[in-house]
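The values are calculated or read from the model by the stated rules, or taken from the named source; none is laboratory data. Quick caveat: nothing in here was measured; it's all calculated off a predicted structure. As a convention, Cβ positions derive from the backbone with ideal geometry for all residues, glycine included, and neighbour counts pool all protein chains shown.
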Amino acid sequence: MTPETITATDAAALDIERIRADFPALHQEVNGKPLVYLDNAATTQKPQAVIDAVRTFYERDCSNVHRGVHRLSQRATVAYEQARTTVKNHLGANDSREIVFTRSTTEGINLVASSFVRSRLEPGDEVLISAMEHHSNIVPWQILCEERGAKLVVIPIDDDGDIILSEYERLLTERTKIVGVVHVSNALGTVNPVREMIATAHAKGVPVIVDGAQAVPHLAVDVRNLDCDFYVFSAHKVYGPTGIGALYSKREHLLEMAPYQSGGDMILSVTFEGTTFNEPPHRFEAGTPNIEGAIGLAAALDYVDGFGIDAIANHEGRLLADATAAVLAVPGVRLVGSARRRASALSFVMEGIHPHDIGTILDSEGVAVRAGHHCAQPVMARYGVSATVRASFAIYNTTHEIDALVAGLQKVREVFG
Ligand code: 7TS
């Protein structure tokens with residue numbers, strides 16, 4: 001959401017105080033100050049509806065899925081499969097069978113690397129990623145390329161933090177076997193033009209996996225409109241539980257893909273002579289899944305859909321625009337990432353002061369931010385810093401909290417003279 005597209009009416013559409021009341025963890029003090037939680041890109045707080053959904057599973061429906069004839073197991077199975085449908089609807093997929101529950105974004109990428117790309121990668125082939133990827137969209141490809149004698153190729157980004165699209169087109173060749181690109185950068189906040197990038201890749205017959213970890217919480221995602229081959233995200237960044245995420249994959253790919261992990265639930269029949277595998281998505285969900293996690297994820301997406309992701313995006317877009325201006329007005333602050341289109345995250349450094357010191361002083365004021373490399377060390381290297389301070393916004397943040405952030409930064413300046 002570009003700040004200029006936000007209108008006052010959009011921003012007024014959400015009753016933030018009422019929303020805040022839904023999140024128990026927000027109402028506490030840290031170091032004697034009201035908590036100002038601005039580390040949402042790392043993980044979000046959870047609304048009561050999600051906590052209740054998980055709790056109800058344990059209090060009423062606790063059972064394993066897909067195996068019992070008894071009532072509790074039937075209820076658990078229905079809830080688990082309904083959660084799959086909720087994810088499918090939220091992402092705009094065609095078919096629930098295109099949704100695989102994973103542990104996280106990280107696991108989704110590893111699954112695609114292992115089950116889809118490995119068998120297609122010959123020596124001399126290439127995997128193309130951008131220079132602003134999270135480590136989880138770098139390291140699995142690096143390991144795979146090493147194993148297969150293939151090459152990891154990186155699309156450069158410009159000083160603002162936008163992908164250089166002419167370089168992307170140049171680097172996309174007949175050797176490219178997959179493109180991996182982040183939808184929204186966790187370190188820079190850049191919203192990448194993934195729809196256009198996917199069309200460019202498809203014109204050359206190259207499939208694309210999109211890392212949606214920071215996009216699903218902040219903008220409308222429609223996998224059919226994007227026409228991506230794979231899309232991954234984690235529940236915990238979109239108000240859901242940790243330890244659960246989802247992979248969207250075009251069904252034609254899933255049908256061809258080799259198993260990832262193996263064991264119970266992913267089989268049709270097993271003898272000591274051999275095993276036949278279950279249909280996707282179950283083929284990729286070996287063992288007892290994170291049932292309560294899937295149920296909590298569905299409750300989280302229902303919560304988001306109750307407000308509408310566009311209203312959330314407008315609110316957060318306004319906060320980001322206000323915070324950018326306010327933080328930039330603090331002497332010595334330099335922004336890291338000023339892309340054309342940004343969402344949620346504001347990364348910055350202060351001259352002569354280490355980000356960890358800034359984070360520690362902000363914490364003493366009750367303000368929670370992330371200070372570090374954000375699991376994106378190549379991004380830090382690109383901008384010549386070892387770390388940044390990152391404030392990242394969610395549905396429940398307010399302009400008062402931006403004031404608290406800025407007051408905290410003034411305190412940092414006082415302490416460091
Ligand atoms: N991709 C992006 C863009 C991310 O921001 C993250 C997590 C991941 C992948 C990995 O997600 P996971 O749920 O599998 O761990 N990013 C962050 C962050 O910015 N601070 O803490 C985690």
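No other residue among 252, 285 is touching a strand residue (DSSP E or B) at 6+ places or on another chain (Cβ under 7 Å) and among the acidic types (Asp, Glu) apart from 285. Filtered by the rule that a residue be among the acidic types (Asp, Glu) and away from the ligand (no atom under 13 Å from the Cβ), the range 191-212 gives a lone residue, 196. Filtered by the rule that a residue be surrounded by 14 or more Cβ atoms within 10 Å (Cβ to Cβ) and within 14 Å of residue 290 (Cα to Cα), the range 45-60 gives 53, 54, 57.
Cβ-Cβ contacts under 6 Å between residues 6 or more apart (or on different chains), taken from a first residue in the range 221-234 that is on the phi > 0 side of the Ramachandran plot to a second residue that is outside any loop (DSSP other than H, G, I, E, B), are listed as 227/198.
Look at the range 178-196: where a residue is under 12 Å from residue 160 (Cα atoms) and a partner is assigned to a helix (DSSP H, G or I) and of a type in the set (A, V, I, L, M, F, W, C), sitting 6+ places away or on another chain with Cβ atoms under 7 Å, you get 188/379. Considering the range 105-125, and only residues there that are touching a residue at least 60 places away in the same chain (Cβ under 8 Å), surrounded by fewer than 24 Cβ atoms within 10 Å (Cβ to Cβ) and of a type in the set (Gly, Ala, Ser), the residue that is nearest to the ligand (Cβ to nearest atom) turns out to be 114. When each of 38, 128, 72 is tested for being exposed (fewer than 14 other Cβ atoms within 10 Å of the Cβ), touching a Ser or Thr at 6+ places or on another chain (Cβ under 7 Å) and at pLDDT 95 or above, the lone residue that passes is 72.
Here's a check for you: in the range 213-260, which residue that is over 29 Å from residue 52 (Cα atoms) and aromatic (Phe, Trp, Tyr) is farthest from the ligand (Cβ to nearest atom)? Checked the range 213-260; the qualifying residue farthest from the ligand (Cβ to nearest atom) is 260.
Mind listing just one residue for me: the one in the range 132-143 that is closer than 12 Å to residue 378 by Cα and surrounded by fewer than 20 Cβ atoms within 10 Å (Cβ to Cβ) and, of those, nearest to the ligand (Cβ to nearest atom)? Looking at residues that are closer than 12 Å to residue 378 by Cα and surrounded by fewer than 20 Cβ atoms within 10 Å (Cβ to Cβ), I get 135.
In the range 296-399, counting only strands (runs of 3 or more DSSP E) that sit wholly within it, none holds 3 or more residues that are surrounded by fewer than 24 Cβ atoms within 10 Å (Cβ to Cβ), in contact (Cβ under 8 Å) with a residue 60 or more places away in the chain and among the hydroxyl-bearing types (Ser, Thr, Tyr).
Among residues of the range 170-190 being crowded, with 24+ Cβ neighbours inside 10 Å and away from the ligand (no atom under 12 Å from the Cβ), the one that is farthest from the chain's Cα centre (by Cα) is 178. Contact map, the range 139-152: first residue assigned by TED's automatic domain parsing to the domain that holds residue 129 and of a type outside the set (Gly, Ala, Ser), second residue in a loop (DSSP other than H, G, I, E, B) and surrounded by 16 or more Cβ atoms within 10 Å (Cβ to Cβ), Cβ cut-off under 8 Å, separation 6 or more or different chains; pairs are 144/121; 144/150; 145/121; 148/121; 148/125; 151/125; 151/175; 152/138.
Contact map, the range 30-59: residues that are at positive phi paired with residues that are part of a helix (DSSP H, G or I) and at pLDDT 95 or above, Cβ distance under 6 Å, separation 6+ or inter-chain. Pairs shown: 31/364.
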